[in-house]
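Novice: What follows is a structure written as structure tokens; I'll ask about it next.
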Amino acid sequence: MAFESLSDKLQNTFKKLRSKGLLTEDDVKTALKEVKMALLEADVNFKVVKQFINSVQERAVGQDVMNGLNPGQMVIKIVNEELVELMGPECAEIDFLPGKAITVLMMCGLQGAGKTTATAKLAGALVKKGKRPLLVACDIYRPGAIKQLQINGEKVNVPVFEMGDNNSPVNIAKAAIEHASKNDNNVVILDTAGRLHIDEEMMEELILIKDNVDVHQTILVVDAMTGQDAVTVADEFNSRIGIDGVILSKMDGDARGGAALSVKAVTRKPIFFVGMGEKLTDLEQFYPDRMANRILGMGDVLSLIEKAEENIAIDEETSKDMVGRLKKGKFDYNDYLESLKQMNNLGGLSSILGMLPGMGVKMKDIEGQIDEKQLKQTEAIILSMTKEERANPKIMSLPRKGRIAKGAGVDIAVVNRFVKQFEQTQKMMKQMPGMFGKKKGMGGLGGMFGNFF
Amino acid sequence: MAGFFAKLFGGFSQIDDDFYEELFEMLVLGDVGARTADDIVEKLKEQVKENHIKNPDDCKEFLKRNMKEKMLVPDGGFDFEKERSVIFIIGVNGVGKTTTIGKLASMFKKEGKRVLLAAADTFRAAATEQLREWADRAGVEMVGGKEGQDPSSVLFDAIASAKAKTVDVLLVDTAGRLHNKKNLMDELEKMNRLINSYYPLVHRENLVVLDGTTGQNALNQAREFSQVTKLTGFVMTKMDGTAKGGIAVAIQSELGIPVKYIGTGEKIDDIKRFDADEYVEGLFS
């Protein structure tokens, strides 16, 4: 699959980024090269990508690499934030007139964008919100369009106004508004024909509707699978007719949906809803963060970043403390336990390793060496020690080990092995306190892993 | 899409990194996809090196040939048109499946063939009505059913009718469901069996209709449909807009399925057989 090879590529790239502290221009450039490919594969327009990459580069160079992340991940974190920002705002609402006043919504878009389906879905959603919508069949060209709207209208229990295909859309819209005021409808939704943005006559038709009818909101329906041309389409519709927002259709498929970013970048208009499928209830709120995540296609990296962020507060406190102790050459069972906890906070060792770029491949070998069950066992052993034993490892003796083994439910040989291992670690820690001094943040074992892999 | 590359070859006096970067950008803007675009650029780089080419104009022929190779319809690709055939039209909703069927029906009829349509998309609201409208416009007959009816039963009726009237081409509209692959696969499988038992020895053609404005997802669609049934070609629709339909290049190089027809508008005559030479030459002229 395309995505896997992209992920592999990313992992290889990140391995090369070794600098610590601040993000260098090289780090940023290397990581952004991959981001660029990811965005292009997601169908974000080339020119939009170029601009986006440039602005991220400016922002990212010189930034502090967050604790627990490598430089590549740090760049992705910034990319993601910028994407979310660009895609926003969250849950934008369509503007409605209050009370009985009739709000007129005009739907427009290319052929096959999913307008009729989106129109019916929107009507259904409005009914749930207590509105009384009227659907209007203004597509007098496509065979079966009126019938399709009628069938869909029936399914969502919304009346459909139609005058066949012998009247102009302007007249149909006018008559529909009159009909609405008589029948107590407070929202009129015009389902217009699909049209090409370069079709002069057809674009003129929409302008004519707007000239003759008081359209409050014009909504562009965009197929989430649209390619590079999405910018041209959105730009033409927006500059010629003027749009107030967007519905992104066909998001239930596996398209990465880069068109959403392209459209947002050129129109700066909010995305109201996303269409999730054939069923007429499938209209969802738009969440910029989910969309950004989908376009970028790096969910695994992003969830690691999130977890690291969550833990940073706790982590920083304990690490500081621990680094101080280590510098004095102190390392007891309490410290060991703390390190274990830190790793568990990050979702367990195998989960962390799995999320780290470059780890996907090596996972199996590493799992053989450090298995999570063993870490659980270690935890049990330490928890079976008395406070005194934990703080002062030197007092460990055979009878104590026997008691601990019973408490942890393991053989005494296991406890023996662990104690020996602990003593070795302790020695190692004393020999290289510098390692913890340089890099603040994830101390203890977490820090060690960070440096090893 | 005419003259797409003209700017590139007019704007550079030597082959350098900027030239390649610009070529890459143009290919991506044409929806060829970043990966395929990269492949094309890399191959050209090799050829330029091997043949000691200095002038952008001289590498033009290589680029043309590379692209034509990727888009060529193999010999015999249109043989089904000359024989008694059943053509399945497959594709997701909104790509212009029904419209394509109407256009093909009209084209075949004008060439003197007897054409019958089967409205086996019984899933989408008003799909049958829409196809009937096209059947009327093309002046051909159509066999249909009710919404929700088993598509195979529609096909069964259509086969009976095709036999009785010694029809040359039976065009079958199918449901545009991809999300429930198993269902569609079962449905097509059942229809295939039906044809094998009741209408054997006909030439079979399975065409996937793709929207020319679709980006990289078109490749996914083609890939998924090729897992459902054996594809013999595809139809690129909506090629009258500003989109370039470059994804065809990616699809052909990955799946080896050629473009056979392109749709260029909403009118019934807006369809033509795909000609790789003409298409590629058009990009450069």
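The values are calculated or read from the model by the stated rules, or taken from the named source; none is laboratory data. Treat the numbers as computed from the prediction; the structure is a model and nothing was measured. Note: ideal-geometry Cβ built from the backbone for every residue, glycine included; neighbour counts use all protein chains shown. Note: areas computed on protein heavy atoms with side chains; ligands, DNA, RNA excluded. Shrake-Rupley method; radii C 1.70, N 1.55, O 1.52, S 1.80 Å.
Novice: Can you give the extra length, in nm with one decimal, that the chain gains between A:Val127 and A:Asn171 once fully stretched, where that is 0.36 nm per residue apart less the Cα-Cα distance?
Specialist: Working: separation 44, 0.36 × 44 = 15.84 nm, distance 2.56 nm.
Gain on stretching A:Val127 to A:Asn171: 13.3 nm.
Novice: Right, another one. How charged is the neighbourhood of A:Asp184? Take every other residue with its Cβ under 9 Å from the Cβ of A:Asp184, and add Lys/Arg as +1 and Asp/Glu as -1.
Specialist: Values: positive: A:Lys100, A:Arg132, A:Lys182; negative: none.
That works out to +3.
Novice: How far is helix B:17-29 tilted off the main Cα axis of chain B, in degrees rounded to 10, range 0 to 90?
Specialist: The angle comes out near 10 degrees.
Novice: Measure nothing fancy, just the Cα-based angle from helix B:217-228's long axis to the longest principal axis of chain B, in degrees from 0 to 90, nearest 10.
Specialist: Approximately 50 degrees, to the nearest ten.
Novice: Given R₀ = 41 Å, FRET efficiency for B:Lys7-A:Thr281 by Cβ-Cβ distance, to 0.05?
Specialist: Numbers: r = 47 Å, r/R0 = 1.16.
About 0.30, to the nearest 0.05.
Novice: I'd like the distance between the alpha-carbon centres of the stretch B:134-160 and the stretch B:191-211, rounded to an integer number of Å.
Specialist: Result: 15 Å between the Cα centres.
Novice: Follow-up question, since we're still on this one. Roughly how many nanometres apart are two label points built 7 Å out from the Cα toward the Cβ at B:Asn196 and B:Glu83?
Specialist: The answer from the label model is 1.7 nm.
Novice: Averaged across A:211-224, how many Cβ atoms of other chains sit within 10 Å of each residue's Cβ atom?
Specialist: Details: counts 0, 0, 0, 0, 0, 0, 0, 0, 0, 0, 0, 0, 7, 3.
Across the residues of A:211-224, the mean count of other-chain Cβ atoms within 10 Å is 1.
Novice: What angle, in degrees between 0 and 90 and rounded to the nearest 10, separates the Cα long axis of helix B:97-110 from the longest principal axis of the Cα atoms of chain B?
Specialist: The angle comes out at about 80 degrees.
Novice: Under a point-charge model restricted to the Cβ atoms of Lys and Arg (+1) and Asp and Glu (-1), what is the dipole moment magnitude of the stretch A:67-226 relative to its Cα centre, in debye to the nearest 20? If you can, show how the numbers build up before the last one.
Specialist: Details: 15 positive and 21 negative charges, 153 e Å.
Computed charge dipole of the stretch A:67-226: roughly 740 debye.
Novice: Same structure again: Per residue of A:103-114, count partner chain C-beta atoms within 10 Å of its C-beta, then hand back the mean as an integer. Before the final figure, lay out each step's value.
Specialist: Values: counts 0, 0, 0, 0, 0, 0, 0, 6, 10, 12, 3, 2.
Per residue, the average neighbour count from other chains is 3.
Novice: Okay, moving on. Using 16 Å as the cut-off for backbone N distance, which residues of the stretch B:8-38 belong to the label zone defined by a point 7 Å from the Cα of B:Lys60 along Cα→Cβ?
Specialist: Under cut-off, by backbone N: B:8-15, B:23.
Novice: Probe radius 1.4 Å, ligands and nucleic acids ignored: give me the carbon and sulfur share of the accessible area of the protein assembly as shown as a rounded percent. Show your work: numbers first, answer last.
Specialist: On the way: 15690 of 31890 Å².
Whole-percent figure for carbon plus sulfur exposure: 49.
Novice: In Å², rounded to the nearest 100, what is the total accessible surface buried by chains A and B against each other with a 1.4 Å probe?
Specialist: On the way: alone 21900 and 13220 Å², together 31890 Å².
Heavy-atom accessible area buried at this interface is about 3200 Å².
Novice: Which order do the peptides B:39-49, A:143-153 come out in when sorted by mean C-beta neighbours inside 10 angstrom, highest first?
Specialist: Values: B:39-49: 15.4, A:143-153: 22.4.
So the peptides B:39-49, A:143-153, ranked by packing, come out A:143-153, B:39-49.
Novice: Of B:Met107, B:Leu44, B:Val28, which is farthest along the charge dipole of the stretch B:1-154 in the positive direction, counting Lys and Arg as +1 and Asp and Glu as -1 at C-beta?
Specialist: The listed residue farthest towards the positive side: B:Met107.
Novice: Suppose we compare each residue of the stretch B:207-239 in its chain alone and in the full protein complex with a 1.4 Å probe; which ones drop by at least 20 Å² of accessible area?
Specialist: For the stretch B:207-239, once contacts with the other chains are taken into account, B:Thr213, B:Thr214, B:Gly215, B:Gln216, B:Asn217, B:Asn220, B:Arg223, B:Lys238 lose 20 Å² or more.
Novice: Then there is this: Figure the gain on full extension for B:Arg114 and B:Ser285 (residue separation times 0.36 nm, minus the Cα-Cα span) and round it to one decimal in nm. Intermediate values should be presented prior to the final figure.
Specialist: Working: separation 171, 0.36 × 171 = 61.56 nm, distance 3.89 nm.
Separation in residues times 0.36 nm, less the Cα-Cα distance, equals 57.7 nm.
Novice: Given chain B reduced to its alpha-carbon atoms as identical point scatterers, what log10 I(q)/I(0) does the Debye formula return at q = 0.12, 0.14 Å⁻¹?
Specialist: Log10 of I(q)/I(0), two decimals: -0.75, -0.95.
Novice: Filter the trypsin sites (Lys or Arg not before Pro) in the stretch B:113-166 to those in DSSP coil with at most 14 other Cβ atoms within 10 Å of their Cβ, and list the result. Show your work: numbers first, answer last.
Specialist: Values: sites: B:Lys113, B:Arg114, B:Arg124, B:Arg132, B:Arg137, B:Lys146, B:Lys163, B:Lys165; in loops: B:Lys113, B:Arg114, B:Arg124, B:Lys146, B:Lys165.
Those satisfying the criteria are B:Lys146, B:Lys165.
Novice: Would you list A:Arg390, B:Arg273, A:Arg290 from the most to the least accessible area, probe 1.4 Å? Could you put the intermediate results ahead of the total?
Specialist: Working: A:Arg390 45, B:Arg273 85, A:Arg290 145 Å².
Accessible-area ranking of A:Arg390, B:Arg273, A:Arg290, largest first: A:Arg290, B:Arg273, A:Arg390.
Novice: Counting only other residues whose beta carbon sits under 10 Å from that of A:Leu86, what net charge do I get with K and R as +1, D and E as -1? Could you put the intermediate results ahead of the total?
Specialist: Details: positive: A:Lys264, A:Arg268; negative: A:Glu81, A:Glu82, A:Glu85.
For residues surrounding A:Leu86, the net value is -1.
Novice: So what is the 222 nm mean residue ellipticity for chain B from helices alone, if each DSSP H run of at least 4 adds -39500 (n - 2.57) and you divide by all residues, rounding to the nearest 500 deg cm²/dmol? Spell out each step's value before the answer.
Specialist: Numbers: 11 runs with 140 residues, N = 285.
Here the helix-only value at 222 nm equals -15500 deg cm²/dmol.
Novice: Shifting gears a bit: Rounding to the nearest 20 debye, state how big the charge dipole of the protein assembly as shown is about its Cα centre with +1 on each Lys and Arg Cβ and -1 on each Asp and Glu Cβ.
Specialist: On the way: 99 positive and 107 negative charges, 605 e Å.
Using only the charged Cβ atoms, the result is roughly 2900 debye.
Novice: Average partner chain C-beta neighbours within 10 Å, per residue of A:255-266? It would help to have the intermediate numbers written out before the result.
Specialist: Working: counts 7, 4, 2, 3, 4, 0, 0, 1, 0, 0, 0, 0.
Averaged over the peptide's residues, the number is 2.
Novice: With a ≥ b ≥ c the root eigenvalues of the C-alpha gyration tensor of the stretch A:101-146, is it rounded (a/c under 1.5), prolate (a/b larger than b/c) or oblate? Working shown, then result.
Specialist: Values: a/c = 2.24, a/b = 1.86, b/c = 1.20.
Taking the square roots of the gyration eigenvalues as a ≥ b ≥ c, the stretch A:101-146 is prolate.
Novice: Taking the highest mean first, how do the peptides A:223-231, A:92-100, A:333-341 order by number of other beta carbon atoms within 10 angstrom per residue?
Specialist: On the way: A:223-231: 29.1, A:92-100: 12.4, A:333-341: 19.8.
Descending packing order for the listed peptides: A:223-231, A:333-341, A:92-100.
Novice: Testing the spin-label approximation: label points 7 Å from Cα along Cα→Cβ at B:Asp38 and B:Ser161. State their distance in nm.
Specialist: It works out to 5.1 nm between the two label points.
Novice: Now for a different question. Which of the listed residues, A:Gln426, B:Ala158, A:Leu302, is farthest toward the dipole's positive end in the protein assembly as shown, when Lys, Arg count +1 and Asp, Glu count -1 at the beta-carbon?
Specialist: So the residue we want is A:Gln426.
Novice: Right, something else. Treat the protein assembly as shown as a sphere of radius equal to its Kirkwood radius over Cα pairs and apply Stokes-Einstein at 10 °C in a medium of 1.306 mPa s; give the translational diffusion coefficient in µm²/s, rounded to a whole number. Let's see the in-between values first.
Specialist: On the way: Rh = 29.4 Å.
Approximately 54 µm²/s, per Stokes-Einstein.
Novice: Kindly state, to the nearest 0.05, the FRET efficiency for A:Glu309 paired with B:Lys182, given R0 = 35 Å and r defined as their beta-carbon distance.
Specialist: On the way: r = 40 Å, r/R0 = 1.15.
The computed FRET efficiency comes out at 0.30.
Novice: Over the Cα atoms of the stretch A:103-296, compute the convex hull volume and normalise it per residue, giving Å³.
Specialist: On the way: hull volume 20.4 nm³, N = 194.
Looking at the stretch A:103-296, the number lands at 105 Å³ per residue.
Novice: Using a cut-off of 12 Å between beta-carbons, work out the net charge of the residues near A:Arg268 (Lys and Arg +1, Asp and Glu -1, A:Arg268 not included).
Specialist: Details: positive: A:Lys264, A:Lys269; negative: A:Asp235, A:Asp244.
Value of the local net charge: 0.
Novice: Multiplying the sequence separation of A:Glu379 and A:Thr425 by 0.36 nm and subtracting their Cα-Cα distance, what value in nm do you get?
Specialist: Working: separation 46, 0.36 × 46 = 16.56 nm, distance 1.57 nm.
Difference between extended and current length: 15.0 nm.
Novice: If I model a spin label at B:Asp16 and A:Met396 as a point 7 Å from the Cα along the Cα→Cβ vector, what separation in nanometres do I get?
Specialist: 6.7 nm
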